[in-house]
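The values are calculated or read from the model by the stated rules, or taken from the named source; none is laboratory data. Treat the numbers as computed from the prediction; the structure is a model and nothing was measured. No Cβ is skipped: glycine too gets one built from the backbone with ideal geometry, and neighbour counts run over all protein chains shown. What goes into the accessible areas is simple: the full protein's heavy atoms, side chains included, and nothing from ligands, DNA or RNA. Shrake-Rupley method; radii C 1.70, N 1.55, O 1.52, S 1.80 Å.
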Amino acid sequence: MAFELPELPYPMDALEPVISRKTLEFHYGKHHQAYVNNTNSLSKGTKFENADLETIIREADGGLYNNGAQAWNHTFYFLAFGPDGAKEPVGALADAIKRDFGSLENFKNEFGKKAATLFGSGWAWLVKDDTGKLQIIQESNAGNPLRKGLTPIMTCDVWEHAYYLDYQNRRPDYVSSFWNLLNWEVISERY
Ligand code: MN
């Protein structure tokens with residue numbers, strides 16, 4: 001079963017001005033597509049040929065892990081955006097953020113710091129452990145929390161390709177604008 005690039009539930013200019021059409025055309029249309037294509041070609045003829053992406057993330061190594069994780073990470077990132085979605089967490093996730101971070105404002109500050117200070121390429125993640133406790137972690141390169149037995153709730157891509165066309169070196173500006181894109185209804189359902 002070949003993996004495919006997921007359809008986005010919004011038009012290519014829907015994330016402007018935070019993320020431009022041009023960035024989305026490259027980031028989703030070229031980078032994300034390449035990770036999907038590479039996962040297909042690298043899994044062919046291996047024991048992962050018919051595996052799902054989660055299995056590849058948990059068990060594969062090297063190029064297949066990197067590309068499979070990147071394919072998953074980008075789908076998770078892009079599908080959390082929605083200009084018309086809920087602006088704040090709802091239900092159990094809203095309660096858990098208050099419990100584990102004190103307030104939504106404080107969570108955003110802590111998450112923003114982790115995203116802005118991650119050295120090099122990678123992802124900032126909001127994850128939950130087996131008990132439902134939330135934490136913010138940094139992962140380098142393709143790193144995906146499923147590998148550590150954690151459940152991803154939300155992520156921010158801080159590879160330069162995510163923001164360089166729009167923000168150049170100003171990663172903190174990208175991260176602080178990123179909040180305006182999130183559809184918290186989608187994210188809250190992941191908790
Ligand atoms: Mn990316």
Kindly list, by first and then second residue, each pair from a residue in segment 35-60 that is not assigned by TED's automatic domain parsing to the domain that holds Gly143 to a residue that is small (Gly, Ala, Ser) and at pLDDT below 95, limited to pairs with Cβ atoms under 7 Å and residues at least 6 apart or on different chains.
Asn40/Ala2
Please list, ordered by first then second residue, the pairs with beta carbon atoms under 6 Å, 6 or more apart or interchain, first in segment 154-181 and in contact (Cβ under 8 Å) with a residue 60 or more places away in the chain, second among the basic types (Lys, Arg).
Leu165/Lys22
Breaking point among (1) within 16 Å of the ligand (Cβ to nearest atom); (2) assigned to a helix (DSSP H, G or I), for Ile56
(1)
List the number of the failed condition for Ala51; all other conditions in (1) in contact with a strand residue (DSSP E or B) (Cβ under 8 Å, 6 or more places away or on another chain); (2) part of a loop (DSSP other than H, G, I, E, B); (3) hydrophobic (A, V, I, L, M, F, W, C) hold.
(1)
Give just the number: which of (1) assigned by TED's automatic domain parsing to the domain that holds Tyr174; (2) part of a loop (DSSP other than H, G, I, E, B); (3) open to solvent by less than 40 Å² (accessible area, probe 1.4 Å) does Phe119 not satisfy?
(3)
Hey, does segment 26-40 have a residue that's part of a loop (DSSP other than H, G, I, E, B) and either small (Gly, Ala, Ser) or within 13 Å of the ligand (Cβ to nearest atom) (or both)?
no
State all residues of segment 61-83 that are in contact (Cβ under 8 Å) with a residue 60 or more places away in the chain and assigned to a loop (DSSP other than H, G, I, E, B); if no residue qualifies, say none.
Leu79, Ala80, Gly82, Pro83
State whether the residues of segment 124-143 include one that is assigned to a helix (DSSP H, G or I), of a type in the set (Phe, Trp, Tyr) and within 30 Å of Glu59 (Cβ to Cβ).
no
When you go through (1) out of contact with any Ser or Thr (no Cβ under 8 Å at 6 or more places or on another chain); (2) open to solvent by less than 40 Å² (accessible area, probe 1.4 Å); (3) in a helix (DSSP H, G or I) one by one for Leu8, which number turns out not to apply?
(3)
